[in-house]
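The values are calculated or read from the model by the stated rules, or taken from the named source; none is laboratory data. What you are looking at is a predicted structure, and each value in this text was computed from that prediction instead of being measured. Neighbour counts run over all protein chains shown; Cβ positions are idealised from the backbone, glycine included.
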Amino acid sequence: IVRPIFVAILSAVRLQRNNQRVYDIIGDIHGYADELVRLLESLGYRSANGVYRHPQRRVVFCGDFIDRGPQIRETLTIARAMVQDDAALAVMGNHEFNALAYHTAVPGQGGEFLRRHTDRNRAQHHQTIEQLNAAELASFLDWMRSLPVWLDLGTIRIVHACWSAHDFAVITQAAEQTGLMSEQFLVQATQVGHALFESIERVLKGPEMELPDGHVVVDKEGFQRRRIRTRWFVDPTDHTLGTYALPARHEEELRQAPLPTGLAGNSYPANAPPVFFGHYWLSAPQPQTLAPNVACLDFSVAKGGHLCAYRWDGEQILRADHFVTVPSRNTDADSQQQVELRL
């Protein structure tokens, strides 16, 4: 049996040989299907027989299709149809992984689930549960289970939160032994302290660092955190805790605070293929690259920001004018802009 992770690798090899492939990489959607349709249409995709496609280009989704937004069924329907009809590729986001764990029972413990049904977890997943009936949920979970965790297409790389060869090796070994996203895989991947848990956390949720004693930050969902995500793609040397955070923290005490001792830092090589990811809830009137070959495409569509894509035409050094955005329906009317296609 050829497992999904190897199907993805084989697909990547085939795509690598096709020098004509150019891609539109799309960040976190979170159930905002109207915005997705507007973005696809602004990029030149048209719907035929229920599938959005482009005559020369292909979409790559960075994951996080579900939760938060009002059109989760529609979002999943569009994305799945495009992937199944070879008009798009997609990687798994942490919300898809969380959904698989949320709906997978702990073996031998009736009523318990791998992702506990706490008030916080239930609230995060509430919109998905409310909007999908049982049959739809089961069908979409099966599709989520088939998604690769990362894609290396030779010329570009896509992952939800962090590109890490070490963690990919751990995930690959576990997939070879148990099957990618099988029940046994999920059991190990949700077991705190297990090597697979640590690798999935970094790849799908991003590396984190501890805040100084007595400090907490409030995230965009209103939860207090003692750890914050890092700018893993740059060398931490000469950074403070505030400047090495992603997004950067501007509180004076954090901008001045030294990085935790023993923080492992591996910058993403400047000569490596461009890497694209989502996840980090960035906000900016005009998206910018994070490094010459590094781009985040999550610009907070679920929090009044924008749905963001990058139109990649083969360049090694990424360009600010290749970002394409559409505003969220949650954006104040006064600040709404027309859909802008930056070529």
**Request:** Name the one entry in THR77, THR128, THR104, THR118 that is farther than 21 Å from ALA48 by Cβ, among the hydroxyl-bearing types (Ser, Thr, Tyr) and within 20 Å of the chain's Cα centre (by Cα).
**Result:** THR128
**Asked** Taking region 87-108, which residues are in a loop (DSSP other than H, G, I, E, B), buried (at least 24 other Cβ atoms within 10 Å of the Cβ) and small (Gly, Ala, Ser)?
**Response** GLY93
**THR128 being modelled with pLDDT of 95 or more, buried (at least 20 other Cβ atoms within 10 Å of the Cβ), touching a helix residue (DSSP H, G or I) at 6+ places or on another chain (Cβ under 8 Å) and polar (S, T, N, Q)** = yes
**Request:** Would you please name the residue that is surrounded by the most Cβ atoms within 10 Å (Cβ to Cβ), looking only at residues in region 69-86 that are over 21 Å from ALA134 (Cα atoms) and not aliphatic (A, V, I, L, M)?
**Result:** ASP85
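Residue by residue, here is whether (1) under 30 Å from ARG21 (Cβ atoms); (2) touching a Lys or Arg at 6+ places or on another chain (Cβ under 7 Å) holds:
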{"residue": "LEU76", "(1), (2)": "yes, no"}
{"residue": "ALA101", "(1), (2)": "no, yes"}
{"residue": "VAL106", "(1), (2)": "no, no"}
{"residue": "GLY111", "(1), (2)": "no, no"}
{"residue": "ARG122", "(1), (2)": "no, no"}
{"residue": "HIS125", "(1), (2)": "no, no"}
**Request:** Select from region 160-191 the residues that are of a type in the set (A, V, I, L, M) and touching a strand residue (DSSP E or B) at 6+ places or on another chain (Cβ under 9 Å) and write down the one among them that is nearest to ALA90 (Cα to Cα).
**Result:** ALA161
**Prompt:** Consider ILE25 against the criteria (1) touching a residue at least 60 places away in the same chain (Cβ under 8 Å); (2) buried (at least 22 other Cβ atoms within 10 Å of the Cβ); (3) hydrophobic (A, V, I, L, M, F, W, C); (4) in contact with an Asp or Glu (Cβ under 9 Å, 6 or more places away or on another chain): it satisfies all of them except one. Which criterion is unmet?
**Reply:** (4)
**Number of the condition not met by LEU259 [criteria: (1) under 19 Å from TYR280 (Cα atoms); (2) at pLDDT below 90; (3) of a type in the set (A, V, I, L, M); (4) surrounded by 17 or more Cβ atoms within 10 Å (Cβ to Cβ)]** = (1)
**Failed criterion for ASP321 (all others in (1) under 18 Å from ASP24 (Cα atoms); (2) outside any helix (DSSP H, G or I) hold)** = (2)
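A quick yes/no check of all residues on (1) in contact with a Leu (Cβ under 8 Å, 6 or more places away or on another chain); (2) of a type outside the set (Ser, Thr, Tyr); (3) over 25 Å from SER328 (Cβ atoms); (4) at pLDDT below 95:
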position: ILE5; (1), (2), (3), (4): yes, yes, yes, yes
position: SER11; (1), (2), (3), (4): yes, no, yes, yes
position: VAL22; (1), (2), (3), (4): no, yes, yes, no
position: ASP34; (1), (2), (3), (4): no, yes, no, no
position: ARG46; (1), (2), (3), (4): no, yes, no, no
position: ARG57; (1), (2), (3), (4): yes, yes, no, no
position: LEU89; (1), (2), (3), (4): yes, yes, no, no
**Request:** Any residue in region 155-169 that's among the aliphatic types (A, V, I, L, M): show its pairings with residues that are part of a helix (DSSP H, G or I) at Cβ separation under 7 Å, as long as the two are six or more apart or on different chains.
**Result:** VAL159/VAL203; ALA161/ASN94; ALA161/VAL203; ALA161/LEU204; ALA161/LYS205
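Residues are listed down the side, and each one gets a yes or a no for (1) more than 24 Å from GLY27 (Cβ to Cβ); (2) assigned to a helix (DSSP H, G or I); (3) touching a residue at least 12 places away in the same chain (Cβ under 8 Å):
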{"position": "LEU141", "(1), (2), (3)": "no, yes, yes"}
{"position": "LEU180", "(1), (2), (3)": "no, no, yes"}
{"position": "LEU186", "(1), (2), (3)": "yes, yes, yes"}
{"position": "LEU196", "(1), (2), (3)": "yes, yes, yes"}
**Complete:** For region 92-103, pairs from a residue that is under 16 Å from VAL187 (Cα atoms) to a residue that is charged (D, E, K, R) and not in a loop (DSSP other than H, G, I, E, B), with Cβ under 6 Å and 6 or more apart or across chains, are ASN94/LYS205
**Request:** Among the numbered conditions (1) outside any loop (DSSP other than H, G, I, E, B); (2) crowded, with 17+ Cβ neighbours inside 10 Å; (3) of a type outside the set (A, V, I, L, M), tell me where TYR268 comes up short.
**Result:** (1)
**Complete:** From the option list LEU241, LEU290, single residue qualifying as aliphatic (A, V, I, L, M), at pLDDT 90 or above, surrounded by 16 or more Cβ atoms within 10 Å (Cβ to Cβ) and under 22 Å from LYS205 (Cβ atoms) is LEU290
**Request:** Taking the residues in region 308-329 that are touching a Pro at 6+ places or on another chain (Cβ under 8 Å) and of a type in the set (A, V, I, L, M) as candidates, determine which candidate is surrounded by the most Cβ atoms within 10 Å (Cβ to Cβ).
**Result:** LEU318
